[in-house]
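Novice: Here it is, the structure in full.
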Amino acid sequence: MEKQRAVIHICNEQTMDGEHDKIEMSVVGTISGDGSGCVLEYTEYDEDGLKTFTTVTPDGERSVCVTRTGAFGSEMQFEVGKRSSTVYSTPYGELVMGVYTKRIENTLDENGGRLAFAYTTDFAQQGVMHNRMTLTVRVSDDGAESAGAEKL
């Protein structure tokens, strides 16, 4: 599995109590695959400059594992039709979060593509948040173009 440089466009939409929020960014990362699956790796920076390293490992349209280390850490397993719990670590403390996966759409291969998944999250004593994350991946041969996409 050779890693290839890739531009990854991330769109995260959240709806809770009628309020809708949409965050989009593009990052430079890597994609690697062997024909039977692939792995995405990238680094995100928040508005305070805190860094989080993310690894996304889809398994067809059945499941996706998202592991985050750094400022915001968690390991979230998304499996269609199933609920799981995870500990979400932030610089301000840890939260236990429930995750229920509604659907996964995956056209990723070692040459790029698209991964989208819809899920709900809930925290103790709080309402349910509806989420949709879409990652669009394009393999990049042009280092100059990619360098500017590190943090948009």
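Novice: Using θ = phi - 60° and the Karplus relation 6.51 cos²θ - 1.76 cosθ + 1.60, list the HN-Hα couplings for segment 57-71 in order, rounded to whole Hz, with x at every Gly or Pro.
Specialist: Each residue's phi maps through the Karplus curve to give 10, x, 10, x, 10, 8, 7, 9, 10, 10, 10, 10, 10, x, 4 Hz.
Novice: Run the numbers on segment 45-134 and let me know its relative contact order in percent, using alpha-carbon pairs under 8 Å that are six or more apart.
Specialist: So the answer I get is 17 percent.
Novice: Quick one: divide the alpha-carbon radius of gyration of the chain by 2.2 N^0.38 Å and tell me what you get.
Specialist: Rg over 2.2 N^0.38 Å, computed on Cα atoms: 1.04.
Novice: Now, a different point. Sort largest first and round to whole Å: the equivalent ellipsoid semi-axes of segment 1-72, each the square root of five times a Cα gyration tensor eigenvalue.
Specialist: Details: eigenvalues 113, 57, 25 Å².
For segment 1-72, the semi-axes come out at 24, 17, 11 Å.
Novice: In segment 27-152, with Lys and Arg counted as +1 and Asp and Glu as -1 at Cβ, which of these residues, 72, 112, 32, has the Cα nearest the positive end of the dipole, that is, farthest along it?
Specialist: 72
Novice: Through the Karplus equation 6.51 cos²θ - 1.76 cosθ + 1.60, θ set to phi - 60°, convert the phi angles of segment 4-10 into ³J(HN,Hα) values in whole Hz; use x for Gly and Pro.
Specialist: Once rounded to whole Hz, the list reads 10, 5, 9, 9, 10, 9, 10.
Novice: When the accessible area of segment 1-95 is split by element with a 1.4 Å probe, what percent falls to carbon and sulfur?
Specialist: Accessible surface attributable to carbon and sulfur in segment 1-95 totals 47 percent.
Novice: What share of Cα pairs, in percent, lie more than 16 angstrom apart in segment 69-121? List each step's numbers first, then the result.
Specialist: Values: 733 of 1378 pairs.
Summing the P(r) tail past 16 Å for segment 69-121 gives 53 percent.
Novice: A further question follows. Would you tally the net charge around residue 84, using a Cβ to Cβ cut-off of less than 12 Å, leaving residue 84 out, and scoring K and R as +1, D and E as -1? Intermediate results must be reported in sequence, preceding the final value.
Specialist: Working: positive: 82, 83; negative: 75, 79, 122.
Net charge in that neighbourhood comes out at -1.
Novice: Using Cα pairs under 8 angstrom and six or more residues apart, how large is the relative contact order of the chain, in percent?
Specialist: Relative contact order for the chain comes out at 24 percent.
Novice: Using helices alone, what [θ] at 222 nm do you get for the chain, with -39,500 (n - 2.57) per DSSP H run of 4 or more residues, divided over all residues and rounded to the nearest 500?
Specialist: Result for the chain, helices only: -500 deg cm²/dmol.
Novice: What percent of all Cα-Cα pairs in segment 59-98 falls into each 10 Å bin, going from 0 up to the bin containing the maximum distance?
Specialist: Answer for segment 59-98: a P(r) of 29, 48, 21, 2 percent.
Novice: Still on this structure, please answer the following. Per residue, how much accessible surface does segment 1-145 expose to a 1.4 Å probe? Answer in Å², no decimals.
Specialist: With the other protein chains kept in place, segment 1-145 gives 54 Å² per residue.
Novice: Hey, another quick one. Over segment 3-81, calculate the relative contact order: mean separation of alpha carbon pairs under 8 Å at least 6 apart, over the residue count, as a percent.
Specialist: Numbers: 148 pairs, mean separation 14.3, N = 79.
Relative contact order for segment 3-81 comes out at 18 percent.
Novice: Work out from phi, with θ = phi - 60° and the Karplus expression 6.51 cos²θ - 1.76 cosθ + 1.60, the ³J(HN,Hα) of each residue of segment 88-99, listed in order in whole Hz, and give x for Gly and Pro.
Specialist: For segment 88-99, the Karplus-derived couplings read 9, 9, 10, x, 9, x, 10, 10, 8, 10, x, 10 Hz, x marking Gly and Pro.
Novice: Taking amide H positions as placed 1.01 Å from N in the peptide plane, with prolines and chain starts having none, which residues 5 or more places from residue 140, or on another chain, fall under 5 Å of its amide H?
Specialist: Under 5 Å from the amide H of residue 140: 5, 6, 7.
The values are calculated or read from the model by the stated rules, or taken from the named source; none is laboratory data. From a predicted model like this one, the values you see are computed outputs, not experimental measurements. Note that each Cβ is placed from the backbone with ideal geometry, even for glycine, and that neighbours are counted across all protein chains shown. Accessible surface is based on the protein model in full, side chains and every heavy atom, while ligands, DNA and RNA are left aside. Shrake-Rupley method; radii C 1.70, N 1.55, O 1.52, S 1.80 Å.
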